[in-house]
Amino acid sequence: MNAQLQPTGSAYFIAKETQSVESHTLSVLVDNEPGVLARVIGLFSGRGYNIESLTVSETEHEAHLSRITIVTRGTPGVLEQIKAQLERIVPVHRVVDLTVRARMLGQERPIEREVALVKVVGSGETRAETLRLADAFHAKVVDATVDHFIFEITGKSSKIDQFVSVMKPLGLNEICRTGIAAMNRGPQGM
Amino acid sequence: MSGTEMQMTGAEIVLQALKDNGVTDIFGYPGGAVLPIYDEIFQQDDIQHILVRHEQGAGHMAEGYARSTGKVGVVLVTSGPGATNVVTALQDALMDSIPLVCLSGQVPTTLIGSDAFQECDTVGITRPCTKHNWLVKDVNELARTIHEAFRIAQSGRPGPVVVDIPKDVQFATGTYTPPSVSPIQSSYQPKKQPDHRRIQEAVELMRTARRPVIYSGGGVVNSGPEASRLLRDLVEITDFPITSTLMGLGAYPASGKNWLGMLGMHGTYEANMAMHDCDVMVCIGARFDDRITGRLNAFAPNSKKIHIDIDPSSINKNVRVDIPVVGDVGLALEEMVMLWRSAAKDLAKNRLDDWWTSVERWRARKSLSYTPSNDVIMPQYAIQRLYELTKDRDTYITTEVGQHQMWAAQFYGFEQPNRWMTSGGLGTMGYGFPAAIGVQVAHPESLVIDIAGDASIQMCIQEMSCAVQYNLPVKIFILNNQYMGMVRQWQQLLHGNRLSNSYTEAMPDFVKLAEAYGGVGIRCDKPQDLDAAITQMIDTKAPVIFDCRVANLANCFPMIPSGKAHNEMLLPDEATDEAVANAIDAKGRQLV
C-alpha cells in the first residue's frame, strides 16, 4: 500500500521509511484493573502499530498483576517508540522486548509457544491417516466421536501452521489458537 | 475536620478531596448526574465555582488557569453530553502537557450499559485523550482515586485526567482518606532526576561547539519558574543563541541579547537558519514537532543533538538524538549550569565570534518586516501597538488559532514564563477566550487579553456571558480580516487561490454583540485611532470586545513552505503573489 505515502495537499511532511521491518515479542507487566487491555490495544490502533498476536492473563493473583504478550512488527525506531509509549501507560509496570533481550543473551529468539485446538471431521480411511499425522506432531486427542477428533497441540507457531495445513485435506473443521506465550531462556527473570 | 478517617457521602468526599489538594476554583456546568456534588458546592464557601456556558469553555478555562499559575485546573461536568463536550479541551491539554483534573458525573452503576438517559462511555471516550482515567464504582475508593488524579495530572509530564463518578456513588456513604495516607499506584513513578553521566556528556559536547543553538520549549515553563531562571543562567554563561517553540515563549526574555525569536514554520529567519547550520543543538523541554522541524531529512543536517525531556517517549520519536537526558528540565539545567561553570573556564572567549557574525547577518535580513500603511491597520502593527501599550503592565496574553496567533507570537515580546497561553499541539480555535477567563479568575487584578481572529472567537463566544456574570474584565482583541486567514493563506499556497469557504459572509456586529452580553464593544479601523482605542480598552473595567479591522489580505510570513527545509524560507519581501503561488513545486505538492 503506497497510498499512505501520497496524501492530499496538507501541512505534513511524509518521509519514506528506509529502515527494515522486523518482528519482536514484547512482555508487558500490568496491574490487573478494568480497562488496562483497552489502553494497550487503543495505543496500538491509535498510533498505527501492528499487532500480530496478543495474549493476556493474570499471572500473580495476590499482586493483581497480569502479563500481556504482544508480537508486533516495525522498524527498530518504531519498536523503540512502542516500548516507550507502553511504559507511559499508568498501570504498566514493566515492558521487556524479549527479542532484544534474547539477542543480548546470544540467542536467536526467546522461547515462544502457542496452544491450538484443532477439530477434524471425517470417517473411514482418512481417520487412521489423521491419527498417524497427529501422532507425528505430538498432538493429543482431547475429544472424539466416530465422526471427529479434537486435537490439542503445543509448539512454535510455525509448527501449528504446518499441522493445520496437513489437516486441511483430512477434514479440518475448526481452529482455535491462544496466541503466543513467551519467555527468555536462562535463570534471569523478567 | 481532623482524624485520618471519616465517614462521608461520595459528594462530600469529592469536595473534601478537592480542598485537601489545594483547590480554590473550579469550572463547571451542572446536570442530572452531578447534582449531589453541586448540592455540596452550594453548602460551602472554600471553593469558588465558575459557571460556564459550554463544557468546552470549562476545559479551556481550567487550562488557562493551570498554565498561568502552575497549579492543576479543575473541571466539573455532568454525564453524557457534559463529558463529550469537554473532550476537545482534554485533548488540547494532553498535547500541550497541561495538568487538568476533570470530574464527570455518570449514570448510577446499576444503569451503566443500559443506554440510560445522558449515558455515555466516558472512560472509553476519554481514554486516548487523557493521561489516565478512572470509573469509580466503590465510594471507598473515591478519595484515593481523586488524590491519585491530582498526583498523576501534575507529576512527570503533566496532562489531563478524568474521574468518572456514578450518581449512586455520590450519594453512598464511605470512608474518606486524606492524601497523606492514601495508597498510590506503584506502577506510576516518573523519573525526575536525570542521569549524571548524560549531563556530563552533554556539557562535554557543548564545550566543543562552535555553532551551538539552544532550542527550548513548553517543558521549561511546565518545570516551574526556577527552570526558566536556570535557562537564563545557562544562556548567559554559555553565550549560546537561543530560540524557542510557540509553547516555550517567555522562558527566555524576548528582550534578551541572545534571543533569536521563535523558530519553525512561522519562525524568524535567524532562528531557523541557526537551527539549520548549527553543529550542536541543545533541545530543552521541546519535542521536535513537525511545525518545528520542517522536512525531517533536511533538519539540522550537520548537528549533534542533546535532548532534555521528562517523557522518555519523546526521545528519538521524530528526530534521533545523540545525547538523551531523561528527567525534569529544572533539575537537568541546575546540574548543567553547575558543570558548565567549572568546565568552561579554559574556553576561548572568541570561539563563537564567527557564529554570532552569521547570526547578525541573518538578523539583518529583518524577516518580520511588513509594508506599513497609513490607511488600513496592518495586523502586525496592531500587535506591536498592543505590546507597546501593555508591556509595562501586569499582562497575560492568550490567543485563538490562526494568523493572529502567529503574529502575536512574532510581535508580542514575552519577558516572563506563564504569561502566554496558546493552543500549540492541537491548534484549537476557540481556546483563547475561555483560557483568558481562567487566567483572569486566577489573577483578578491583572490585565488579561485574548488576541483573537474573527473566525476563532465565534467558536466559544458564549463565554461572554460567563465573563459578565463574574465581572471578569477580560479583553478580546480581534484582528478582524473577515477571513479564516490561515486557511486562506494555505489555499493561496496550495490550492490555486480557490478560497473555498474561508470567507465569512455574515459577520456579527462585534460591538453590538459585546453590548448584548452586557460587556463593552470598541471598534477601530484607522491606524491613527488605534492607540487611543487600545488605551480605552485597557482602562475599561469590564469585559471588552475590541473589533480591530485590519488589512484583509495580509499573510503571515516568514514561512517554511511544505516539504522545504529550514534554510528555504519564504521571506516577506520575497512573498509576491507569484512567489506565493509557486512556493511549493509540483513535487512538493505531491509530497506534502
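So if I check each of B:355, B:340, which one is farther than 23 Å from residue B:199 by Cα, modelled with pLDDT of 95 or more, of a type in the set (Phe, Trp, Tyr) and buried (at least 19 other Cβ atoms within 10 Å of the Cβ)?
B:355
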- prompt: For the range A:85-160, which fully contained strands (runs of 3 or more DSSP E) count at least 1 residues that are under 27 Å from residue A:30 (Cα atoms) and not β-branched (Val, Ile, Thr)?
  reply: A:92-97, A:111-121, A:148-155
query: How many residues are farther than 24 Å from residue B:568 by Cα, more than 10 Å from every other protein chain (Cβ to nearest Cβ) and of a type outside the set (A, V, I, L, M, F, W, C) when one looks only at the range B:281-319?
result: 3
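Scan the strands (runs of 3 or more DSSP E) fully inside the range B:12-92 and keep the ones with 3 or more residues being surrounded by 18 or more Cβ atoms within 10 Å (Cβ to Cβ) and not acidic (Asp, Glu).
Numbers: elements: B:25-28, B:48-51, B:73-77.
It comes to B:25-28, B:73-77.
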message: Considering only residues that are in a helix (DSSP H, G or I) and more than 27 Å from the chain's Cα centre (by Cα), which ones fall in the range B:540-578?
response: B:573, B:574, B:577, B:578
- request: Could you list, in sequence order, all residues of the range A:105-118 that are within 21 Å of the chain's Cα centre (by Cα) and touching a residue at least 40 places away in the same chain (Cβ under 8 Å)?
  value: A:107, A:109, A:110, A:111, A:112, A:113, A:114, A:115, A:116, A:117, A:118
message: So in the range B:174-183, with the set limited to residues that are at pLDDT 95 or above and either loosely packed, with under 15 Cβ neighbours inside 10 Å or of a type in the set (S, T, N, Q) (or both), which one is farthest from residue A:31 (Cα to Cα)?
response: B:175
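Any chance the range B:410-427 includes a residue that's touching a helix residue (DSSP H, G or I) at 6+ places or on another chain (Cβ under 7 Å), over 29 Å from residue B:363 (Cα atoms) and of a type outside the set (Gly, Ala, Ser)? Explain how you work it out, then say what you get.
As a first pass, look at the range B:410-427 and keep what is touching a helix residue (DSSP H, G or I) at 6+ places or on another chain (Cβ under 7 Å): B:411-413, B:417-418, B:421-426.
With the extra rule that they be over 29 Å from residue B:363 (Cα atoms), the set shrinks to B:426.
Filter once more, so that each one left must be of a type outside the set (Gly, Ala, Ser): B:426.
Within the range B:410-427, one or more residues are touching a helix residue (DSSP H, G or I) at 6+ places or on another chain (Cβ under 7 Å), over 29 Å from residue B:363 (Cα atoms) and of a type outside the set (Gly, Ala, Ser).
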statement: Of the listed residues (A:63, A:128), the one being within 12 Å of chain B (Cβ to nearest Cβ), surrounded by fewer than 20 Cβ atoms within 10 Å (Cβ to Cβ) and either within 30 Å of residue A:171 (Cα to Cα) or over 16 Å from the mean Cα position of the chain (by Cα) (or both) is A:63
query: Taking the stated definitions as given, is residue A:56 within 11 Å of chain B (Cβ to nearest Cβ) and more than 23 Å from residue A:186 (Cβ to Cβ)?
result: no
message: Cβ-Cβ under 7 Å, sequence separation 6+ or interchain: first residue in the range A:67-88 and in contact (Cβ under 8 Å) with a residue 24 or more places away in the chain and more than 7 Å from chain B (Cβ to nearest Cβ), partner surrounded by 20 or more Cβ atoms within 10 Å (Cβ to Cβ) and of a type in the set (S, T, N, Q). Which pairs?
response: A:67/A:27; A:69/A:25; A:69/A:27; A:71/A:25; A:82/A:72
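Looking at the range B:337-349, is at least one residue more than 14 Å from chain A (Cβ to nearest Cβ) and within 19 Å of residue B:243 (Cα to Cα)? I'd like the intermediate steps shown before the answer.
Kept after step one, since they are more than 14 Å from chain A (Cβ to nearest Cβ), are these residues of the range B:337-349: B:337-349.
The next check asks that each one be within 19 Å of residue B:243 (Cα to Cα); those that pass are B:337.
Yes, the range B:337-349 contains a residue that is more than 14 Å from chain A (Cβ to nearest Cβ) and within 19 Å of residue B:243 (Cα to Cα).
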- line: Only unsatisfied item for residue B:350, checking (1) in contact (Cβ under 8 Å) with a residue 60 or more places away in the chain; (2) in a helix (DSSP H, G or I), is (1)
message: Looking at (1) more than 21 Å from the chain's Cα centre (by Cα); (2) within 14 Å of chain A (Cβ to nearest Cβ); (3) under 23 Å from residue B:427 (Cα atoms); (4) of a type in the set (Gly, Ala, Ser), which one does residue B:113 not meet, given that it meets all the others?
response: (3)
- prompt: Residues in the range B:253-293 that are acidic (Asp, Glu) and under 16 Å from residue B:366 (Cα atoms): how many?
  reply: 1
Filter result (away from every other protein chain (no Cβ under 14 Å), out of contact with any Gly (no Cβ under 9 Å at 6 or more places or on another chain), part of a loop (DSSP other than H, G, I, E, B) and not aliphatic (A, V, I, L, M)) within the range B:185-210: B:210
task: Report yes if residue B:242 is more than 14 Å from chain A (Cβ to nearest Cβ), touching a Cys at 6+ places or on another chain (Cβ under 8 Å) and either of a type in the set (Val, Ile, Thr) or closer than 17 Å to residue B:367 by Cβ (or both), otherwise no.
output: no
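Being modelled with pLDDT of 60 or more, over 20 Å from the mean Cα position of the chain (by Cα) and not hydroxyl-bearing (Ser, Thr, Tyr) narrows it down to one residue among A:6, A:19; which is it? Spell out how you get there, then give the answer.
On the way: A:6 fails: modelled with pLDDT of 60 or more.
Sole residue among the options that is modelled with pLDDT of 60 or more, over 20 Å from the mean Cα position of the chain (by Cα) and not hydroxyl-bearing (Ser, Thr, Tyr): A:19.
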message: Take the conditions aliphatic (A, V, I, L, M), within 12 Å of another protein chain (Cβ to nearest Cβ) and touching a helix residue (DSSP H, G or I) at 6+ places or on another chain (Cβ under 9 Å) and apply them to residue B:161. Does it pass?
response: yes
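The values are calculated or read from the model by the stated rules, or taken from the named source; none is laboratory data. What you are looking at is a predicted structure, and each value in this text was computed from that prediction instead of being measured. Don't worry about glycine lacking a Cβ; one is built from the backbone with ideal geometry, like all the others, and counts go over all protein chains shown.
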